[in-house]
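Have a look at the structure below before the remarks.
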Amino acid sequence: NALATVDRIHALLPELTRWIPAGVKVSILSDRTTTIRASVQHMQETLAISIILVMVVVFVFLRRVTATIAAGITVPLALLGTCAMMWVANFSIDNISLMALLVSVGFVVDDAIVMIENIDKQIKAGVTPVRAALIGARQIGFTVVSISVSLIAAFIPLLLMGGVIGRLFREFSVTLAATIAISAVVSLSVTPMICAHFTGRSARKPPSRFDRLVEGLLSALTDAYGKSLKVVLNWHGLTLVVMILTIVATVALFVKSPKGLIPQDDTGLIIAMTEGATDISFAQMEKLQRRVNDIVLTDPAVEAIGAIVGGGGRPGSSALNQGRLYIHLKPSGERKLPTIRVIDRLRQKLAHVAGISTFMFPAADIRFGARQSKAQYQFSLWDSNIDELVHYVPQIVDRLRKIPGLVDVTTDREANGLQANVVVDRLAAASYGVTMQSIDSALNNAFSQRQISVIYTPRNQYRVVLGIDPARQKDPSDIEAIHVPGKGGTQVPLSAISHVEKSFAPLVTNHQGQFPAVTISYDLTAGTMVAKANQAILEAVEEMHLPGSLHFDFAGDARAFMASARAQIVLIIAALFAVYIVLGVLYESLAHPLTIISTLPSAGLGALLALRLTHTDLSLIAFIGIVLLIGIVKKNGIMLVDF
């Protein structure tokens, strides 16, 4: 349990701070745990509110306490059964599973309402409650099974997805499918039992003013529907034309809708990467990063900051010209700005700091790309010929920086690092009796910060690192002052047997597979869609007519987005095919499934129009909504066809 573990760590903080020297400021950056805790709490509150709203709506339409309880009892039973399934499947209570439970609340009461209405119809006809429950359950049982099985079938393609996206969909789909299956069982068993034993005969109180108001509104709505239905049936040719145009409009709007990966969440944490000149010293890099820290802390939205100098916080990186910042923002209610706007403001302030560049992006709860970089999105290039790769990378970077909407365009190639080559005169070294091994050991002892011992005390242990005076490490000429052992125990200066040549060398050489590679990282301005930016990048690179041996592709989050965008159409088609197969088996017909599925284009058009009107991109979360829409619309079609 992540939150429980963090709580235990916080409980240990008073004990841990006792060992920290006086004058050292300690700041606990607990933004992720705070965000997770607040998110789960908010989702739980939303779940409770949705249950209350659903029960209120059910009561408004049924207007009987017993019938409302009969419909509402399916909610806790279905949720309890789903929690048991989640425990067996080793799922945790997180945003994905809670979202599935939240969405399922609307599904679980539908079957019960249909069952109650059908039983109530039998009771009004004069049948006893027990007999009415048996007849009603028998009549509506196939409909409930059809609705539940076909709805679960819509999630089968999502269960077969791979990668991180498939992992997200799998937990959501399994949780929702379990809730639907359990609710169907409850609707076929518990709901008829309650109606049979707790619903009286048709002797009821006279309708109240509220009853007359609701019935009047429903009657007016039903009459309007009936009149419009007659028009549609009389003009069936025009109706088919409208349906075809609706399908065309839905497909066109789906293609043109801006695609996204995951909606940008506001975690209150900004990750920043700093970069100095390739020949910068550690002391100068530390000085520049402190200037960046001071500027960031002056922003009214910033609460605390953590910094690393050297390596950029990346595992295995030894570049001293890089650093990493963790900028913890104040709660959203205090700063009154989203994280992306705070980044834009900080980017303007830090642009004037000479000697160091700062790249910032908001931390996300879900990152699909394993590689770390100076921005959120990556574009990789690799080539078997490293000279060709090095030649074209600067040109590509300059071209991408001209694309509107792209910011913080940079690469992970540090090309012009200073290198000192010690060229040994082997004849002179042999005349002094100096071996190459002794030269290597002397340079290693002087400059590599080699650990040679550990001093143990009753409370602590101290590692002993060998090195020369830092004042003698500032210039390559200091290398020649190093002495190495010669024959007879004499100490021979390196200047007598070697000379130092200065040259340039890359600080880091990355690979993709077995080929040398360079990753271009970039971020997007507020309001820029990922799909539009990636398309612009591909067009810009293709216009440069690069050699065929130079390969390129998106990486990290950008690659995950491209994969999800390609998979969306396939998943929708697969979901429709799975639903059609299941309905065809249940109805033993080829026409009825088409009749039921034919209602989907108009619903899809409405969903896409809603996304465009609200300026929302078609992200994975919105795509989940479209898959759910297939189940909702199909449920209405099944009931119409059955009756």
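Given the criterion loosely packed, with under 15 Cβ neighbours inside 10 Å and of a type outside the set (Ser, Thr, Tyr), identify the matching residue among 586, 611, 594.
The match here is 594.
Go through the residues of region 295-314 one by one and say whether even a single one is at pLDDT below 85 and hydroxyl-bearing (Ser, Thr, Tyr).
No, there is no match, as no residue in region 295-314 is at pLDDT below 85 and hydroxyl-bearing (Ser, Thr, Tyr).
Could you tell me whether region 185-196 includes any residue that is modelled with pLDDT of 80 or more and within 28 Å of the chain's Cα centre (by Cα)?
no
Scan 276, 268 and give me the residue that is closer than 28 Å to residue 321 by Cα, of a type outside the set (Ser, Thr, Tyr) and touching a Gly at 6+ places or on another chain (Cβ under 7 Å).
276
When only residues in region 111-141 that are charged (D, E, K, R) and in contact (Cβ under 8 Å) with a residue 60 or more places away in the chain count, which is surrounded by the most Cβ atoms within 10 Å (Cβ to Cβ)?
By that ranking, first place goes to 111.
Checking the condition more than 22 Å from residue 99 (Cα to Cα) and touching a Leu at 6+ places or on another chain (Cβ under 6 Å), which residue from 563, 591, 533 passes?
533 is the lone residue from the list that is more than 22 Å from residue 99 (Cα to Cα) and touching a Leu at 6+ places or on another chain (Cβ under 6 Å).
How many residues are part of a strand (DSSP E or B) and surrounded by fewer than 19 Cβ atoms within 10 Å (Cβ to Cβ) if we restrict to region 329-356?
Residues in region 329-356 being part of a strand (DSSP E or B) and surrounded by fewer than 19 Cβ atoms within 10 Å (Cβ to Cβ): 0 in total.
Exactly one of these conditions fails for residue 568: (1) at pLDDT 80 or above; (2) touching a strand residue (DSSP E or B) at 6+ places or on another chain (Cβ under 9 Å). Give me its number.
The single condition residue 568 does not satisfy is (1).
In region 142-173, how many are farther than 20 Å from residue 98 by Cβ and open to solvent by less than 10 Å² (accessible area, probe 1.4 Å)?
Counting residues in region 142-173 that are farther than 20 Å from residue 98 by Cβ and open to solvent by less than 10 Å² (accessible area, probe 1.4 Å) gives 8.
Note down all Cβ pairs under 6 Å where the first residue falls in region 53-77 and is open to solvent by 60 Å² or more (accessible area, probe 1.4 Å), the second is in a helix (DSSP H, G or I) and modelled with pLDDT of 80 or more, and they're at least six residues apart or on different chains.
Between residues of region 53-77 that are open to solvent by 60 Å² or more (accessible area, probe 1.4 Å) and residues that are in a helix (DSSP H, G or I) and modelled with pLDDT of 80 or more, the close pairs are 59/68; 77/186.
Test residue 604 against the stated conditions and say whether it is surrounded by 15 or more Cβ atoms within 10 Å (Cβ to Cβ), over 30 Å from residue 532 (Cβ atoms) and either without any contact (Cβ under 8 Å) to a residue 24 or more places away in the chain or in contact with a helix residue (DSSP H, G or I) (Cβ under 6 Å, 6 or more places away or on another chain) (or both).
no
Do we have residue 549 as over 32 Å from the mean Cα position of the chain (by Cα) and open to solvent by 40 Å² or more (accessible area, probe 1.4 Å) here?
Yes; evaluated as a whole, the condition is true for this residue.
For region 233-262, which positions are open to solvent by less than 60 Å² (accessible area, probe 1.4 Å) and not hydroxyl-bearing (Ser, Thr, Tyr)?
Matches in region 233-262: 237, 249, 252, 253, 254, 258, 259, 260, 261, 262.
Report those strands (runs of 3 or more DSSP E) wholly inside region 400-483 carrying at least 3 residues which are open to solvent by 80 Å² or more (accessible area, probe 1.4 Å).
450-456, 461-466
Hey, does region 447-466 have a residue that's closer than 30 Å to residue 531 by Cα and either over 46 Å from the mean Cα position of the chain (by Cα) or of a type outside the set (A, V, I, L, M, F, W, C) (or both)?
No, every residue in region 447-466 fails to be closer than 30 Å to residue 531 by Cα and either over 46 Å from the mean Cα position of the chain (by Cα) or of a type outside the set (A, V, I, L, M, F, W, C) (or both).
Being within 30 Å of residue 504 (Cα to Cα), of a type in the set (Gly, Ala, Ser) and part of a loop (DSSP other than H, G, I, E, B) is the filter here; which residues of region 250-302 pass it?
Scanning region 250-302 gives 277, 281.
Tell me the residue from 159, 134, 176 that is in contact with a helix residue (DSSP H, G or I) (Cβ under 9 Å, 6 or more places away or on another chain) and at pLDDT below 80, please.
Checking each option against the conditions leaves just 159.
Is it the case that region 95-117 has a residue that's within 26 Å of the chain's Cα centre (by Cα), among the hydroxyl-bearing types (Ser, Thr, Tyr) and at pLDDT below 85?
So far as region 95-117 goes, yes, one or more of its residues are within 26 Å of the chain's Cα centre (by Cα), among the hydroxyl-bearing types (Ser, Thr, Tyr) and at pLDDT below 85.
Kindly indicate whether any position in region 562-575 is touching a residue at least 12 places away in the same chain (Cβ under 8 Å) and of a type in the set (D, E, K, R).
No: zero hits.
The values are calculated or read from the model by the stated rules, or taken from the named source; none is laboratory data. Nothing here was measured: the structure is a model prediction, and the numbers come from that model. Every residue, glycine among them, receives a Cβ derived from its backbone with ideal geometry; neighbour counts consider all protein chains shown. These accessible areas exclude ligands, DNA and RNA; they are computed on the full protein's heavy atoms, side chains included. Shrake-Rupley method; radii C 1.70, N 1.55, O 1.52, S 1.80 Å.
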